[in-house]
Each structure stands twice: as structure tokens, then as C-alpha cells.
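Peer 1: Right, I'll just put the structure down here and ask away after.
The values are calculated or read from the model by the stated rules, or taken from the named source; none is laboratory data. These figures come from a predicted structure and were not determined experimentally. Glycine gets a Cβ as well: all are built from the backbone with ideal geometry, and neighbour counts include every protein chain shown.
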Amino acid sequence: MHLYYLWQEAFTPVGHAAASLMMFSMFAGVVPGFWAAWVFCGLDFMYFLALVPSLFMTARKSKFKAGDIAVRNVYEGEVATVRLHVYAVDKLNAVSLGCFRMDSSLKCDESELVLVAAGGSAELTCKIQTKKRGAFEIPKVAFILPEICGALRYAAKAGKAELLVFPRPLRVSAFPFLTSGASGFVFAPLLMPSLTRGMNFVGVREYREGDALRDLHHKAFARYGKPFTKEFETERGAGAILVLDVTARNLREKSSVEMLIRLAAGIGLWLLERNALGRFFIGDNEISLVQADGGESFLEALARIPAASLLELRFSKGPRASRNAASASKLWSPAARPLGPVLRVGLFATEDPLVHKQVVLESRAMDTDELKSTVSDDVLAINAKLLERSFEMSHETEVSL
């Protein structure tokens with residue numbers, strides 16, 4: 001692994017080409033009578049030896065100070081940016097910014113080389129291409145200083161950082177299941193702002209179906225020609241309780257965990273937009289929600305859920321497999337009994353007296369090609385295969401629940 005880090009951090013593209021040719025010459029020298037390959041290999045090796053003093057002098061003469069590392073969190077599949085200020089004590093003829101030793105799903109595009117005069121400063125920005133959700137550590141954010149010949153470079157560590165990649169939420173266009181049936185009566189009042197609002201006026205938003213007419217903002221209506229609604233601060237703790245259960249009983253369910261998290265992200269944001277989400281749980285653990293951050297604390301909690309390990313269930317046998325089955329059948333048991341209606345999102349349905357409604361992502365193949373089917377007034381089943389197929393075709397997938 002250290003050789004891989006050395007190859008990635010200490011060599012430029014020119015150095016990669018020269019080192020690859022040296023290795024090729026060593027293998028070609030095995031051919032009897034092909035002595036010219038060994039001559040080239042020796043010359044290439046002497047070239048690298050001559051570059052070592054130049055690299056040493058580059059590292060010794062480059063004196064600088066690093067500022068604070070700023071990382072922009074993104075959704076999965078988007079490009080994140082890492083920004084860092086460099087303050088040059090001595091003149092830096094060429095310097096760029098790069099991130100190393102990261103997760104294999106992340107790919108860094110280093111910034112362009114810039115010149116920084118002595119006593120000056122510059123802001124460097126590198127980009128990181130993401131593929132999947134997660135909380136990723138960036139162990140080495142480094143300033144890159146190439147030596148004068150351009151084959152080797154000095155990667156000076158400026159610090160480390162953390163990159164949060166949020167799950168790309170499935171957009172919930174409508175949610176009639178939440179208010180349907182006998183259990184829907186406990187959720188219906190939460191979607192009426194006049195019943196859950198506080199006394200403090202916080203702003204104006206566009207009118208949504210179901211808003212009370214007495215909350216219309218007449219001045220904004222007259223100015224923009226479309227209805228706007230007054231928005232009031234929601235009382236703390238008021239609202240629905242969303243429970244995300246990522247427990248999987250078998251390998252097939254384990255493979256659907258990421259899509260389940262995307263579905264939970266869409267449902268949670270739908271509730272947050274309507275000020276109807278009071279508390280959020282991942283299993284039995286409650287996640288503290290910051291009401292003023294626009295759902296970022298909610299998405300951060302989803303990003304920090306550990307990735308599903310497919311090998312764990314594949315090779316579990318005997319007592320360990322029995323423990324997995326026991327944990328899957330365990331009921332939801334929070335530290336404090338919830339006061340509001342509970343909506344559970346999981347991979348299978350449970351008979352839990354604390355849960356009012358459940359949205360289940362069915363990983364098994366359904367008999368029909370319908371995206372959703374109502375098992376009962378309290379359980380809504382979503383076809384995981386169809387949902388994954390539509391998500392792969394378009395990341396802006398909308399679902400009506």
C-alpha cells in the first residue's frame with residue numbers, strides 16, 4: 001500500500017511514464033541477447049537518482065503556511081470541492097492542491113499549478129468526483145510542489161478533512177397514503193399549518209394545497225400575481241416521527257439498503273418542507289434535527305449510516321446467523337415513548353404497537369409490474385426492482401406514495 005501511495009503522490013505523469021518504461025525494460029531484458037533493454041533501464045535508473053537531490057531541495061526551499069480546509073458536501077454522483085488558502089513565505093514557482101489516500105470510490109482532480117510570490121497568498125481548489133453515499137475521511141490534503149525537471153513532486157500535507165456525500169433523495173410528489181385509512185387521521189392534522197404552527201412569524205412561501213385561507217399573504221399576492229402563505233415557527237417536538245429501519249434479514253434485502261435510504265431521504269424532506277417532521281430515528285437512536293438548516297442535519301445522519309456489507313450475511317452461519325435473525329425481528333424500542341404518530345420505513349413490515357404506518361421496500365420480485373401496492377391501510381409496499389430501474393434511468397425520480 002505504501003508503494004501505491006508513493007506512486008500516486010511522488011510521481012508526475014512524466015515520472016509515471018519514465019518509471020513504467022524502466023519496468024518494461026527490466027522485463028524485456030529477460031529475452032536472451034536483448035542487452036539494449038538493460039542499458040536503457042540503467043540510464044533510466046540513473047535519471048531518477050539525479051532527480052532525488054532536486055526533489056530534496058524543492059522540499060527544503062518551499063516554505064508556506066496553510067489556511068483552513070473548506071469542503072463542500074454534495075449529493076452522490078456530484079462533484080465536491082476542497083478549498084485551501086496557501087500563504088507563501090518564500091516564492092513558490094508552481095504549487096497545486098490535491099487529496100490522497102481516500103476511499104476508492106472517490107477520484108480527485110488536482111487544481112492547476114499556480115505561481116505564488118513571496119509574502120503573497122492564493123486560493124487553491126481541487127475537485128472530487130463521488131459515486132456513492134457515505135461519510136469519507138480525506139487523510140491527506142496536500143500542496144503539490146513539482147521539482148524542476150517535472151518527473152517527481154513533493155506532496156506537503158496541509159491537514160485532513162471529512163467529506164459527507166448525501167444520498168440522492170427520491171422526490172415524493174404526493175403522499176396520499178400518509179392520510180389514508182383509520183391510522184391516517186393522526187397524520188392529517190400535522191399537514192394543516194394552522195393546527196401546528198407557533199406564534200412567531202418566520203417568512204412567506206408559495207401557497208400549497210391544504211393551506212388555510214386566513215394565512216394568505218395579501219401583499220405578496222398583489223405584488224407577484226400568485227398566492228403566498230404566511231409561515232410560522234413550528235413548535236418544538238410537534239410533528240410526525242420518522243423511523244428508518246435499515247435491518248436486513250438476508251442478502252437480497254441487504255442489496256436494497258441504499259435505495260431504502262434514498263426513499264427515506266425523500267420522505268423526510270417532504271415532511272420537512274411542510275414543517276411536519278418532529279423527530280427522526282435510525283433504529284432506536286434518535287437524531288437531533290436542527291430546524292433552521294434546511295434538512296442538512298437530516299441528510300448528514302443518512303450519510304453517516306455505515307454501508308451495507310454483503311459478505312456479512314453471505315458467510316454468517318450457526319449462532320451468528322441466529323443472532324442476525326433475532327435482531328431483525330426486534331421491535332422498535334426508543335428510550336422515550338413517542339407522543340406523535342410514527343411512520344416507519346424499512347425492508348419488511350413488523351407488527352409494532354408503537355408504529356402507525358409503514359412504507360416497506362420489497363426486495364423480492366412482485367407478481368405484477370406495479371411500483372406500489374397497498375398491503376393494508378397501515379402498510380404500503382414499494383417494488384425495489386422497479387424503483388431501482390427508474391432511478392438508474394433518471395436521478396430526478398419522482399414517486400407518488
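Peer 1: Got a sec? Which of A135, A156, A118, A122 is touching a helix residue (DSSP H, G or I) at 6+ places or on another chain (Cβ under 9 Å), over 30 Å from F391 (Cβ atoms) and either among the hydrophobic types (A, V, I, L, M, F, W, C) or surrounded by 20 or more Cβ atoms within 10 Å (Cβ to Cβ) (or both)?
Peer 2: Matching residue, one of A135, A156, A118, A122: A156.
Peer 1: A further question follows. Out of all the residues in segment 236-254, which are more than 17 Å from G340 (Cα to Cα), at pLDDT below 85 and in contact with a Ser or Thr (Cβ under 7 Å, 6 or more places away or on another chain)?
Peer 2: Hits for segment 236-254 are R252, E253.
Peer 1: Would you mind stating whether K372 is under 24 Å from the mean Cα position of the chain (by Cα) and either farther than 30 Å from E162 by Cα or modelled with pLDDT under 70 (or both)?
Peer 2: No.
Peer 1: Against the conditions (1) under 30 Å from M46 (Cβ atoms); (2) touching a Lys or Arg at 6+ places or on another chain (Cβ under 8 Å), where does L106 fall short? Just the number, please.
Peer 2: (1)
Peer 1: Could you please tell me which pairs satisfy a Cβ distance under 6 Å, a separation of 6+ or placement on different chains, a first residue in segment 259-279 that is touching a residue at least 12 places away in the same chain (Cβ under 8 Å) and assigned to a helix (DSSP H, G or I), and a second residue that is surrounded by fewer than 24 Cβ atoms within 10 Å (Cβ to Cβ) and acidic (D, E)?
Peer 2: Taking only residues 6 or more apart or on different chains, the pairs are M259/E388.
Peer 1: Take T350 and decide whether it is touching a Phe, Trp or Tyr at 6+ places or on another chain (Cβ under 8 Å), modelled with pLDDT of 85 or more and closer than 29 Å to R389 by Cα.
Peer 2: Against the criterion (touching a Phe, Trp or Tyr at 6+ places or on another chain (Cβ under 8 Å), modelled with pLDDT of 85 or more and closer than 29 Å to R389 by Cα), T350 qualifies.
Peer 1: Identify all residues within segment 87-108 that are among the aliphatic types (A, V, I, L, M) and assigned to a loop (DSSP other than H, G, I, E, B); write none if there are none.
Peer 2: Selection gives V89, M102, L106.
Peer 1: Now a separate question. So, in segment 380-401, how many residues would count as being surrounded by 18 or more Cβ atoms within 10 Å (Cβ to Cβ) and either at pLDDT 85 or above or small (G, A, S) (or both)?
Peer 2: Summing the residues that are surrounded by 18 or more Cβ atoms within 10 Å (Cβ to Cβ) and either at pLDDT 85 or above or small (G, A, S) (or both) in segment 380-401 gives 3.
Peer 1: Going through segment 62-86 one residue at a time, which ones are under 15 Å from the mean Cα position of the chain (by Cα), in a strand (DSSP E or B) and free of Cβ contacts under 8 Å to residues at least 60 places away in the same chain?
Peer 2: Within segment 62-86, V79, T81 meet the criteria.
Peer 1: Right, another one. Restricting the search to segment 327-343, which residues are crowded, with 16+ Cβ neighbours inside 10 Å and either modelled with pLDDT under 85 or in contact with an Asp or Glu (Cβ under 6 Å, 6 or more places away or on another chain) (or both)? Write out each step before concluding.
Peer 2: Our first condition is that a residue be crowded, with 16+ Cβ neighbours inside 10 Å; within segment 327-343, this holds for 328, 332, 334, 338, 340-343.
Within segment 327-343, A328, W332, P334, P338, G340 meet the criteria.
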